[in-house]
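Okay, structure first, notes after.
Computed from the coordinates by the stated procedures, all read-outs in this text should not be read as laboratory data. Note that the structure is a prediction, hence the values are computed from the model and not measured. All Cβ positions, even for glycine, are placed from backbone atoms using ideal geometry, and neighbour counts span all protein chains on display.
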Amino acid sequence: MGKYIIAGNWKMNKLPSETYDFVKEVVEATKGAECEVVCCTPYVCLAPAIEAAKGTHVKIGAENLHFEDSGAFTGEVSADMLVDLGVDYVIIGHSERRAYNNETDETVNKKIVKALSKGLIPIVCVGESLEEREAGITMDLIAIQIKKAFAGITAEDAAKVVVAYEPIWAIGTGKTATDDQAEEVCGGIRNILAALYDDATAKAVTIQYGGSMNAKNCAGLLAKANIDGGLIGGASLKAPDFATIVAAAK
Ligand code: 13P
């Protein structure tokens, strides 16, 4: 439906000194990709990543940004700084930032608005905990996260957003959602977007699955109608594994 995008989320892994060579490896391993290929790296790795990706098919993303333009925000990084470096994508609202860095649906919305206003493509993460899934409130929670994330965003801008469905219980656990579980929620997200905007906008949005997606289980997930790509943690740290996932996305 949306454009196929496979994005790596390196999280707090890899050194600036190993980034250039690794991104070059990704470029080589994913030559001929039929989808968009993105590496989202720690802030300190962005410059060498962009240098290595220059003139290639690989795009570079950050893992976070601040919603203000500038000012007294020690340790923060603005959208303008990312754009100035040559960053194209930015992950917003990852469950790890929601859990450890006080990220809320409100700050997620402010960050999406800021990213879009500066021409960055937001990869917005939503997802339920195991307790929420077992309580049968997965779609209620996802609906709240999506509605709050997209508050005040026009249909034209909404179509540029990437949504990543990442069930918290599947992240870094080796426990993947089944193909059907992932498809059910991703399809549900598309329905919510269709209700908020219209069918054409909902179809234009790239909806990724994330959570222990790897070289072995990617094909089944990516074959689903409403799964337009993946947000890959652990498996994005090894170029051959990442390339296998990229090759499955077409
Ligand atoms: P893993 O692929 O390591 O489970 O991480 C998924 C994720 O959180 C991507 O943002």
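Below are the figures for this structure:
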| item | result |
| --- | --- |
| Rounded to the nearest 20 debye, dipole of the stretch 1-59 from Cβ charges on Lys, Arg, Asp, Glu | 160 |
| Net +/- balance of residues flanking Phe150 in space, Cβ distance below 15 Å, scoring K and R +1, D and E -1 | +2 |
| Dipole axis of the chain (+1 Lys, Arg; -1 Asp, Glu on Cβ), positive-most option in Ala182, Thr56, Gly234 | Thr56 |
| Gyration tensor verdict on the stretch 1-66 (Cα atoms; rounded if a/c is under 1.5, prolate if a/b is larger than b/c, oblate otherwise) | oblate |
| Chymotrypsin sites (Phe, Trp or Tyr not before Pro) within the stretch 60-102: DSSP coil, no more than 10 neighbouring Cβ in 10 Å | none |
| Straight-distance crosslink candidates among aspartates and glutamates, where the alpha carbon sits under 16 Å from Lys203 and sequence neighbours closer than 8 are dropped | Glu156, Asp157, Glu183, Glu184, Asp228 |
| Total charge dipole magnitude, the chain, about the Cα centre, Cβ charges on Lys, Arg, Asp, Glu only, Debye to nearest 20 | 360 |
| Residue-span extension gain [His57 to Leu15] - 0.36 nm each, minus C-alpha spacing | 12.9 nm |
| Label point at Asp84 placed 7 Å out along Cα→Cβ; residues across the stretch 6-44 whose backbone nitrogen lies under 16 Å | 43-44 |
| Estimated FRET transfer efficiency when R0 is 51 angstrom, pair Ala223-Ala151 (beta carbons, to 0.05) | 0.95 |
| Within a Gaussian network of the chain (alpha carbon springs, distance under 10 Å), most fluctuating of Thr178, Thr201, Thr41 | Thr178 |
| Range in the chain, longest, excluding exposed GluC sites (Glu not before Pro) [loop by DSSP; at most 15 other beta-carbon atoms within 10 Å] | 77-250 |
| Spatially proximal lysines relative to Lys59 (Cα-Cα < 21 Å; intrachain offsets below 8 disregarded) | Lys3, Lys11, Lys14, Lys24, Lys31, Lys111, Lys114, Lys118, Lys160, Lys238, Lys250 |
